[in-house]
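Each reported figure results from applying straightforward, stated rules to the coordinates on display, with no laboratory input. Quantities reported herein were computed from a predicted structural model and do not represent experimental measurements. A quick note on method: Cβ atoms are made from the backbone with ideal geometry, for glycine too, and the neighbour counts reach across all protein chains shown.
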Amino acid sequence: MKVNVVTLENKVTGELELKDSVFGLPSRPDILHQVVRWQQARKQQGTHKTKDVSDVRGSGAKPFRQKGTGRARQGSRHAPQMRGGGVAFGPQVRSHAFSLNKKVRLLGLRTALSDKQREGKLLILENAVLKKGKTVELAKTAVKNGWTSALVIDGAEVDANFARAARNLPRFDVLPQQGANVVDILRCDLLVLTKAAVKQLEARLT
């Protein structure tokens, strides 16, 4: 399929042929769901922890004698049923990440790109370069072009001035091509790809 290539001033400079194998796939909500869960699970820190019996400080002596007190027998003050004791089956430090087949991950990324193209929310830029890293200039351009929520994906490296200008804009993110991911693509309203990003993404996903 062919799409127009525009500049930051929204002027058409030509056309670009997009590969159907990357930008023309049918919608697969099930695949997107799997990839989003995989990404979010990897980001979850898993640093929550409670003290179990072995972590509680204090004497290891028996609280009171076994018989003759009229109370239920106890072997440790650290037991979960004792006041100040450890927590039974509490959360421990662990990784929440799980494995997902690489083919499924790549299919999820291709599907997310295809959905944006199908919805008319994909824009191809000639390049994302600014002479000055001024937020006010990029903000004016975003308002003029109607970019309320956008993700800009560039080639292997992001222009330093463009990244600096976009840093303080709300709901405006900039990523290099290798950082393209399903969660960020789905979160934004408009996906903006540079010509370099399209070329590298097609090489990576085919």
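From the list ALA41, ALA61, ALA79, pick out the single residue that is exposed (fewer than 12 other Cβ atoms within 10 Å of the Cβ) and more than 30 Å from LEU125 (Cβ to Cβ). Lay out the reasoning, then the answer.
Numbers: ALA41 fails: exposed (fewer than 12 other Cβ atoms within 10 Å of the Cβ); ALA79 fails: exposed (fewer than 12 other Cβ atoms within 10 Å of the Cβ).
Just one listed residue meets the conditions, ALA61.
Among the residues of segment 79-97, are any among the β-branched types (Val, Ile, Thr) and under 30 Å from THR206 (Cα atoms)?
Here is the first cut: in segment 79-97, the ones among the β-branched types (Val, Ile, Thr) are 87, 93.
Checking the rest, the ones that are also under 30 Å from THR206 (Cα atoms) come to none.
Within segment 79-97 (the criterion being among the β-branched types (Val, Ile, Thr) and under 30 Å from THR206 (Cα atoms)), the answer is no, since none of the residues qualifies.
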Practice task
Among residues belonging to segment 15-47 that are outside any helix (DSSP H, G or I) and farther than 22 Å from SER114 by Cβ, point out the one that is farthest from the chain's Cα centre (by Cα).
Solution key: THR47
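Give, as residue ranges, the strands (runs of 3 or more DSSP E) completely inside segment 94-206 that count at least 2 residues that are closer than 24 Å to GLU15 by Cβ.
122-125, 150-153, 190-194
I need the full set of residues from segment 48-83 which are small (Gly, Ala, Ser) and in a loop (DSSP other than H, G, I, E, B), in order please. Give the steps one after another, and end with the answer.
From segment 48-83, those small (Gly, Ala, Ser) are 54, 58-61, 68, 70, 72, 75-76, 79; that's our starting set.
Matches in segment 48-83: GLY58, SER59, GLY60, ALA61, GLY68, GLY70, ALA72, GLY75, SER76, ALA79.
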Practice task
All but one of (1) under 29 Å from SER99 (Cβ atoms); (2) touching a residue at least 60 places away in the same chain (Cβ under 8 Å) hold for THR13, so report the exception by its number.
Solution key: (1)
Completion exercise
Within segment 157-184, the residues that are within 24 Å of ASN4 (Cβ to Cβ), in contact with a strand residue (DSSP E or B) (Cβ under 6 Å, 6 or more places away or on another chain) and surrounded by fewer than 21 Cβ atoms within 10 Å (Cβ to Cβ) are ASP173, LEU175, ASP184
